[in-house]
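Single-structure report; data block below.
The values are calculated or read from the model by the stated rules, or taken from the named source; none is laboratory data. A quick note: this is a predicted structure, and the numbers were derived from the prediction, not measured. Glycine gets a Cβ as well: all are built from the backbone with ideal geometry, and neighbour counts include every protein chain shown.
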Amino acid sequence: MGTKDKNLLERFTDMFRDNNYKLTAQRRDILDVLIDNSGKHFSAEELYAEVKKINPDIGLATVYRTLELMCQLGIAHQLDFDSNYKRYELNLEGGHHHHLICIDCGRIIEFNDQDLEDFEKRLEVDYEFRILDHHIKVYGQCKECQDKA
C-alpha cells in the first residue's frame, strides 16, 4: 500500500471512529478494495465479487449495508447513471468531477472542467442562488466503441 493509500485509509478510518462506528474486518476489506481501485465505479455486486476474493465469508447484504454507511459518513458517493443499479466511488478530496458514459459498453470516464466551475459561480452571483451540489453526466460513445462501429 502506497503512502497515498495509507493516508486515505487513515482518513477514512478516522471518519468511522469519529462517528462512533467500528472499522470491522469486513468493513476494512471493503474499504481496502475501494482504495486499491480508487477512480473505479463499482456496483454493489461488482464490489462484492472483488471483496469475496480476499474474504470468502463476506455476504452481499454486508456490502450493501457498508456502502450505505460509507455514503452516510461521506466516505463514498452513490452515483446514478440511469441504469438498473447504482454505482459507488470513494469520496476523494478535491475530487469533484463529472462523468462521460458510453452508451454501448458502459465505460465511465471522469473529467474536470474549470469552465463548468466558473459557470456555477456565475450562476450563484447572477441569480442570487446558493448552489450546494451539481452532477453532470454526458452520454455518448467512447473511442473504442466508435472504432468498432
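Of note:
- Residue, surrounded by the most Cβ atoms within 10 Å (Cβ to Cβ), within region 32-77, restricted to residues that are touching a residue at least 40 places away in the same chain (Cβ under 8 Å) and part of a loop (DSSP other than H, G, I, E, B): Ile75
- Restricting attention to region 73-88, the residues that are at positive phi and modelled with pLDDT under 85 add up to 1.
- Filter pass, Lys52 being more than 26 Å from Gly140 (Cα to Cα) and among the basic types (Lys, Arg): yes
- Test result for Asp29, surrounded by fewer than 17 Cβ atoms within 10 Å (Cβ to Cβ) and farther than 22 Å from Ile108 by Cβ: no
- Boolean, Leu116 is outside any loop (DSSP other than H, G, I, E, B) and either hydroxyl-bearing (Ser, Thr, Tyr) or touching a residue at least 40 places away in the same chain (Cβ under 8 Å) (or both): no
- Filtering region 1-14 to residues that are surrounded by fewer than 16 Cβ atoms within 10 Å (Cβ to Cβ) and either part of a helix (DSSP H, G or I) or under 14 Å from the mean Cα position of the chain (by Cα) (or both) leaves Thr3, Lys4, Asp5, Lys6, Asn7, Glu10, Arg11, Thr13, Asp14.
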